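*Asks:* After the structure tokens below, expect a handful of questions from me.
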Amino acid sequence: MDPDVSTDDLPSIALEAKIGGHVGRLYLSQVYGSYNKRFSEVEDIDDSIAEFSCPHCHRPFPVHQICDCGAPMIGLNLQTGGVIKICTRNGCKNHSLEFTDANDAYRLFQSQDRSGLV
């Protein structure tokens, strides 16, 4: 989470992004279902496929599956035990919130933490 860059009036989810050969940051909204995002030092190129890494350790996020559009989908682990999967193709709106344990989902929705992101 990046408290210095807000999206939807909340701290954003900061990702290191490689788009079109350039490395910068992509800031996503922490509101599930919002498609608001901000780019820094990389271009907002429609239909491009980005490579995403942790902005701190620079390790790539794991690919969980291939999207219906053909691009990889990465996963962001939640502290409570779920994963948010997002498509790496700019403009694709395919994403999901998945839990292997229903109790983890219940704990997330009952918590005061707005995002639960690790």
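*Asks:* How large is ³J(HN,Hα) for each residue in the stretch 23-38, as worked out from phi by the Karplus curve 6.51 cos²θ - 1.76 cosθ + 1.60 (θ = phi - 60°), to whole Hz, x for Gly and Pro?
*Replies:* Here the 3J(HN,Hα) series is 10, x, 10, 10, 10, 9, 6, 7, 7, 4, x, 7, 9, 6, 8, 9 Hz.
*Asks:* Here is a further query. Using C-alpha positions alone, give me the convex hull volume of the chain per residue in cubic angstrom.
*Replies:* Value for the chain: 102 Å³ per residue.
*Asks:* Next up: In deg cm²/dmol, rounded to 500, what helix-only [θ] at 222 nm does the chain give when every DSSP H run of at least 4 residues adds -39500 (n - 2.57) and the total is split over its residues?
*Replies:* Only helices count here, giving -2000 deg cm²/dmol.
*Asks:* State, to one decimal in nm, how far the label point of Glu51 lies from the label point of Arg38, with both points 7 Å from Cα in the Cβ direction.
*Replies:* 2.6 nm
*Asks:* Which chymotrypsin sites (Phe, Trp or Tyr not before Pro) in the stretch 21-118 sit in a loop by DSSP (not H, G, I, E or B) and have at most 13 other Cβ atoms within 10 Å of their own Cβ?
*Replies:* Those that pass, being in a loop and sparsely packed, are Tyr32, Tyr35.
*Asks:* Please return the longest range in the chain lying between exposed loop sites, taking GluC sites (Glu not before Pro), DSSP loop only, at most 14 other beta-carbon atoms within 10 Å, and leaving the sites out.
*Replies:* The longest such stretch corresponds to 44-118.
*Asks:* Dipole size in debye (nearest 20) for the stretch 2-110 around its Cα centre, Lys and Arg Cβ +1, Asp and Glu Cβ -1?
*Replies:* For the stretch 2-110, the charge dipole is close to 180 debye.
*Asks:* What is the sum of charges around Phe39, taking Lys and Arg as +1, Asp and Glu as -1, for the other residues whose C-beta is under 13 Å from the C-beta of Phe39?
*Replies:* -1
Any read-out appearing in this document is the output of simple, stated calculations on the displayed coordinates, not a laboratory observation. All of these numbers come straight from a predicted model, not from anything done at the bench. Glycine gets a Cβ as well: all are built from the backbone with ideal geometry, and neighbour counts include every protein chain shown.
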